[in-house]
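Before any comments, here is the structure.
Values in this text are rule-based calculations from the coordinates and carry no lab data. Owing to the predicted nature of the structure, the values given are computational and were not obtained by experimental measurement. Virtual Cβ from ideal backbone geometry, glycine too; neighbours counted across all protein chains shown.
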Amino acid sequence: MRIIKKYAVRKMYDIKESKFITLTGVASIIATGEEVQVIDNKTGNDITDTVLAQIILEQQKRRQNLSSVSGLFHELIKKGTVSVIDFLEKPVGGSLELISLTEEKIRKIIKKLTKMGQVSKNQKDYLLNTLLTRTKESKNMLEAFIKKTIIHMNIPTIMELKRMRSEIIELKKQLSMVERNNKTTNS
């Protein structure tokens, strides 16, 4: 786990690399799959969650699209001290967030939550199965929607395109034979 110290002047220091680091730098470390812990240098408190929230807000500001996370933040604030498992169990069938989750990502998230004490070992398997099921349902719903849209838009399928290509090749052969017959007949 990479330890980052946060100082009062909003500067952060990466202990491993022995250099100052920005929120973007911390985000890059996390993107590589490495775990990060941010410690307030003055108090010694773990402020990782606060820094992660800042990273998300900064990323969204750059995209000029805070609406995508504001709903999540509103829900978390409304829930107050409700456990993470209660929040995650809220019905989210069809949400795009679930579609992007792979089984590996889900397992990593649950492992991290268990390690942090947010999910008990007893809840771990139930949560895993629930999220995997909901992810599969969401993907199936999206796939059905895409198929329906393609049919509605009258877009040819790959099989139809292959069939048309075969027909064009066959027509070219026939046209070539007709042209050859015409040349021999006219000669």
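Extension gain for the segment residue 1 to residue 28, taken as residue separation times 0.36 nm less the Cα-Cα distance, is 8.3 nm to one decimal. Stretching the chain fully between residue 45 and residue 162 yields a gain of 35.9 nm (0.36 nm per residue, less the alpha carbon separation). Between residue 126 and residue 108, the simple spin-label model (points 7 angstrom out along Cα→Cβ) gives 2.7 nm.
For segment 165-187 and segment 37-53, what is the separation of their Cα centres, given in Å? Spelled out, the Cα-based centre of one part sits 77 Å from the other. The order of 114, 184, 24, going from fewest to most other C-beta atoms within 10 Å of their C-beta, is 184, 24, 114.
Test of understanding: ordering 46, 125 by Cβ neighbours within 10 Å, fewest first, what list do you get? It would help to have the intermediate numbers written out before the result.
Working: 46 13, 125 10.
The most exposed by this proxy come first: 125, 46.
Hey, fewest Cβ within 10 Å first, where do 36, 178 land in order?
Ordered from fewest to most neighbouring Cβ atoms within 10 Å, 36, 178 come out as 178, 36.
A simple spin-label model places pseudo-atoms 7 Å from Cα toward Cβ; at residue 53 and residue 9 they are separated by 2.6 nm.
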